[in-house]
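Enquirer: Here it is, the structure in full.
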Amino acid sequence: MDKNSVLSRRLVILTILAMVMVILPSVTSLPTGIKYDQAEDGCTCHESAPSDSVTATIEGVPDSYNRLETFTLTVSFTGGPGTEGNLNVGGFNLWVSDGSLTSLDSTTQLNSPNDITHTEEGNNQRSWTVEWTAPEDNSSNVNFILHTNSVNGNAGSGAGSSGDMWNRAVATAFGFGPPELPDADPFKVLATLIVVSVVLLSIVV
């Protein structure tokens, strides 16, 4: 093998390694937030399975709701490697099956009306506050799915997402369902039938 061929192969290998180093941070961490379709199966770019060391919490979800009613929700997590003072502590994604979410400050951002996440400014904290406005039709239950990610902030040192942990939480706000029909009084039904029958007979006669 000639010298030029060896140098060419080395150059190709070095180029590939350089490209991997550039691309790797963008696929292993999402400091500027994550969409629900990316988080639906979990924060697998940080760890393949949820961790019991991380507890995700949704506060403020009502047991039931009235149409167009607005609620303040706090989403947070405890546990995992995320430590205050790190460059990055953690992030979240909250998805709701109905109604609309609202970002209240620069630490959160909407991906869509029913999908909200953290911003780059908001990835150095463990708790975020958002609002949810109930749908106009309150006959159905609304599901809330939260994914939180606790990170150790070592991506800058070249360790990527190693040691990060995540978990999820689920909550439901119950709708009122279709209005129930009142139970019919059998005596009233019988009396009504008799009256109708008498009227019909009188018309025929």
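The values are calculated or read from the model by the stated rules, or taken from the named source; none is laboratory data. Quick caveat: nothing in here was measured; it's all calculated off a predicted structure. Note that each Cβ is placed from the backbone with ideal geometry, even for glycine, and that neighbours are counted across all protein chains shown.
Enquirer: Thr44: surrounded by 12 or more Cβ atoms within 10 Å (Cβ to Cβ), at pLDDT below 70 and not charged (D, E, K, R), yes or no?
Expert: Values: surrounded by 12 or more Cβ atoms within 10 Å (Cβ to Cβ): yes; at pLDDT below 70: yes; not charged (D, E, K, R): yes.
For Thr44, the condition - surrounded by 12 or more Cβ atoms within 10 Å (Cβ to Cβ), at pLDDT below 70 and not charged (D, E, K, R) - is met.
Enquirer: Taking the criterion of being within 14 Å of Thr55 (Cα to Cα), buried (at least 21 other Cβ atoms within 10 Å of the Cβ) and modelled with pLDDT of 95 or more, would at least one residue in segment 68-75 satisfy it?
Expert: Among the residues of segment 68-75, at least one is within 14 Å of Thr55 (Cα to Cα), buried (at least 21 other Cβ atoms within 10 Å of the Cβ) and modelled with pLDDT of 95 or more, which makes the answer yes.
Enquirer: Every residue in segment 79-105 that is surrounded by fewer than 15 Cβ atoms within 10 Å (Cβ to Cβ) and farther than 30 Å from Asn138 by Cα, please.
Expert: Thr83, Glu84, Gly85, Leu87, listed by residue number.
Enquirer: Of (1) surrounded by 15 or more Cβ atoms within 10 Å (Cβ to Cβ); (2) assigned to a strand (DSSP E or B); (3) at pLDDT 95 or above, Pro135 satisfies all except one. Which?
Expert: Of everything listed in (1) surrounded by 15 or more Cβ atoms within 10 Å (Cβ to Cβ); (2) assigned to a strand (DSSP E or B); (3) at pLDDT 95 or above, Pro135 misses just condition (2).
Enquirer: Tell me which residues, restricted to segment 151-182, are among the charged types (D, E, K, R) and at pLDDT 60 or above.
Expert: Asp164, Arg168
Enquirer: Sort out which residues of segment 76-110 are touching a helix residue (DSSP H, G or I) at 6+ places or on another chain (Cβ under 8 Å) and modelled with pLDDT of 95 or more, and write them in order of number.
Expert: Taking segment 76-110 as the starting set, the residues that turn out to be touching a helix residue (DSSP H, G or I) at 6+ places or on another chain (Cβ under 8 Å) are 87-88, 93, 95.
Of everything in segment 76-110, those that are touching a helix residue (DSSP H, G or I) at 6+ places or on another chain (Cβ under 8 Å) and modelled with pLDDT of 95 or more turn out to be Asn93, Trp95.
Enquirer: Do you know which residues across segment 110-129 are in a strand (DSSP E or B) and surrounded by fewer than 16 Cβ atoms within 10 Å (Cβ to Cβ)?
Expert: Across segment 110-129, the qualifying residues are Leu110, Ser112.
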